[in-house]
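Values in this text are rule-based calculations from the coordinates and carry no lab data. Because the structure is a prediction, the values reported are computed rather than measured. For neighbour counting, all protein chains shown are included, and Cβ atoms are generated from backbone atoms with ideal geometry for every residue, glycine included.
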Amino acid sequence: MAAPPFFRFGIDDADPSAGPLLAVAVRRVVDTAPLAKAQEGLRALLRDGRRGAAALRFGTALLVRLSPPPLSPSKLRRILPSLLSAELPFPLSDCRWRIERAPDGACVAHVVRRADLAARLDELRALGCDPAAVVPPGPALWREARARLPLPDGAPRAVFFAAGDRTLLATGRGAAPDAVAVFPSADATEALRRLRLAFGGLPGGLSVLVAGAGHAPLAEALRAVGLAPVVPERPEAFLAAALASPAVADLDLRLGEDAHPSARRSPFRALSAAALLFLAASALALGAVFAERRRAAEDARAALRARTAALDGLAGYHVAARGAAGLAEARRAAAESRDPAVADPGAAPALAALPAAAAARGVRLGHLEASAAGLSASGTAPDAAAAEAFAADLRAAGVRAVLSEAPAPAPGGRVAFFVHPSAAPQP
């Protein structure tokens, strides 16, 4: 079964007593339901897994903040593994890891032992799914909290997620959490202790979000010390919804030999395929340009011949033989008799503007069809504004091209768009 456009899913099985929860996102609209209720068609997509994500077990992922010296990016990449290795209690060679650069210059490393990752993949396959991404739960929850509850830069934030017999706490002040801790869910005293330990007290302006099926006791304990925790709608589905978001793609620790089969294609082959696609699209566009120019030139010559014959007929003599005076007289006589259907070579679509417009807006074209009606194409752009600007550039160059629907999320943080000669959806 083929996945519908812009489909993603997340699997949350952190609470064994509640059973696995499935979140399905289509065009960013998320719905959640017990995994056991998924119909067979959806189960086929889960087994394929290319657009799915799951979280590592609580406590198996490490978050390590690194403070490298100010170096060039190339030198920094070479020393970061050594810095990370010195911070770990086990060999880096036994781990899968990924480093996230923070806006303040620090680096945040997400690490899992390969044995823990393998055990997690076995658990997920036993559930009937094989998600392409397996991510640390703390950072995934952190990103979902930032999306739902934006705060000023540097504001303190804490995210609790209570599920089963364990609670996860992520704390920090930036785009990535500073620390992630896991402790028994039933111990509200421990939750407050961990919160104070993370910030050296309870700082002013602290924002606390509490989610998970076991959120209620934690929320009450936080209110008792004067905090006002935020409980999202459907708190038990908070992690599943976070995993269905494209925002977790760059947290994936399913790397190397553990990568999903869909991600094991050679980067060189992928680059070659993209290059061939671009060359094919460019050749098609240039061919359309030359065809249009030839047609415009032929139309111009035919229009000139017809116009000359019409002038001679109106004047009653061969205009060219009478020189400039005869031509001026014939033009005045023909002013009200010109055929509006005569082709204007300047009206031919300026398809030569297509490659430059695509390069200027960061557009990658996957399908292109040029005709007398205008341009039909599909591709991806860095964001919706770039897609709109690309279509506007083409219209400014004389090409009939409009977005037939709103751009929608695509893999790699880009957006997918469709262009047609008119706004009506094409068959």
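Which log10 I(q)/I(0) values does region 7-264 give at q = 0.10, 0.16 Å⁻¹ under the Debye formula, counting every alpha carbon as one identical point scatterer?
Normalising to I(0) and taking log10 leaves -0.49, -1.24.
R0 = 60 Å: FRET efficiency of Leu202 with Arg395, Cβ-based, nearest 0.05?
0.60
Can you give the net charge of the other residues whose Cβ lies under 11 Å from the Cβ of Leu22, counting K and R as +1 and D and E as -1?
Overall, the nearby charge balance is -1.
So if we plug the beta-carbon distance of Glu190 and Leu66 into 1/(1 + (r/R0)^6) with R0 = 25 Å, what FRET efficiency do we get, rounded to 0.05?
0.35
So what is the relative contact order for region 7-264, in percent, with contacts set as C-alpha pairs under 8 Å and at least six apart?
On the way: 490 pairs, mean separation 63.6, N = 258.
This gives 25 percent for region 7-264.
Return the sequence-ordered ³J(HN,Hα) values of region 13-26 in whole Hz as given by the Karplus equation 6.51 cos²θ - 1.76 cosθ + 1.60 applied to θ = phi - 60°, using x for Gly and Pro.
10, 5, 10, x, 5, 8, x, x, 10, 10, 10, 10, 10, 10
Let me know the volume per residue of the alpha-carbon convex hull for region 349-427, in Å³.
80 Å³
Hey, what did region 349-427 get for relative contact order, percent, Cα under 8 Å, at least 6 apart?
30 percent
Looking at region 13-86, what % of the alpha carbon pairs are farther apart than 21 Å?
In whole percent, the long-distance tail amounts to 53.
Have a look at region 125-201 and give its Rg and Dmax from the Cα atoms, expressed in angstrom.
14.0, 44
Roughly how many nanometres apart are two label points built 7 Å out from the Cα toward the Cβ at Ala175 and Ala291?
Taking the simple label geometry, Ala175 and Ala291 are separated by 4.5 nm.
How charged is the neighbourhood of His420? Take every other residue with its Cβ under 10 Å from the Cβ of His420, and add Lys/Arg as +1 and Asp/Glu as -1.
Here the count lands on -1.
Mind checking the full-extension length gain between Ala147 and Ser422? Use 0.36 nm per residue of separation minus the Cα-Cα distance, one decimal, nm.
95.5 nm
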